[in-house]
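Participant: Below is one structure. I have some questions about it.
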Amino acid sequence: MKSKRLPCLGRRARLGQDRQVNGFTLIELMLVLVIMATFAGMIMPAMSRALRGTSLRTTGNKLCEILNFAYASAVSRKRPVVVNIALERRRCWVSLQTASLPWLPEQGEPKIRTLASMDLPEGTELIINRVGETGPGRAAAREWETIVFRSDGRTDDLLIELIDEAGDRFEIEIVGATGQVRIREEP
């Protein structure tokens, strides 16, 4: 009988040792969680800064699209097109004044048509610098701005700055002689 019991005890002893070797202790699990929490704490501020920068870049790219659309609309329609920027309303839109012919009766059509629009996100400051004979002029405090693309695509030389709450900048340059809209890369 003694010989039968001894092998069973030996198996139980070996099974207990196997469990300790294959498993994790509570202290090991807690240590891993502390390390992961530390890394997450270091990464989160960088991630939030990157997401803010992405949001500013997205807004800037949308504004570039609106400006390019206004240029193309002015050239293709052979009529002036206006980009309106209402800072208090946080809105930007492209409008076209419709022409009425004197020999046709009014059809109830609005005199000004909106062709495209976009909303400016909260916390984004927009500054328009007009470049003229006397040099650049900052126009951050105005509540309403207009940019007119003439029928040949020309407009004023402009530098548009978008600044977010963190102070990150996105700059758009408009070359007045050609109406070309381009993003200014930071040095």
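The values are calculated or read from the model by the stated rules, or taken from the named source; none is laboratory data. Predicted model only: the values in this text are computed from it and were never measured. When we count neighbours, we look across all protein chains shown, and the Cβ atoms used for this are built from the backbone with ideal geometry, even at glycine.
Participant: For residues that are of a type in the set (Ser, Thr, Tyr) and at pLDDT 75 or above, tally how many sit in segment 75-99.
Facilitator: Of the residues in segment 75-99, 2 are of a type in the set (Ser, Thr, Tyr) and at pLDDT 75 or above.
Participant: Those residues that are under 17 Å from the mean Cα position of the chain (by Cα) and surrounded by 14 or more Cβ atoms within 10 Å (Cβ to Cβ), I need them from segment 157-172; list them, please.
Facilitator: Selection gives ILE160, GLU161, LEU162, ILE163, ASP164, ASP168, ARG169, PHE170, GLU171, ILE172.
Participant: For segment 154-177, give me the residue count where each residue is modelled with pLDDT under 85 and hydroxyl-bearing (Ser, Thr, Tyr).
Facilitator: Qualifying residue count, segment 154-177: 0.
Participant: Any idea which residue in segment 100-153 is farthest from ILE66 (Cα to Cα), counting only those that are modelled with pLDDT under 60 and surrounded by 10 or more Cβ atoms within 10 Å (Cβ to Cβ)?
Facilitator: SER100
Participant: Ok, one more. Considering only residues that are among the polar types (S, T, N, Q), buried (at least 17 other Cβ atoms within 10 Å of the Cβ) and closer than 20 Å to ILE127 by Cα, which ones fall in segment 41-94?
Facilitator: THR59, ASN84
Participant: Tally the residues that are without any contact (Cβ under 8 Å) to a residue 24 or more places away in the chain and among the charged types (D, E, K, R), restricting the search to segment 72-95.
Facilitator: Matching residues across segment 72-95 total 1.
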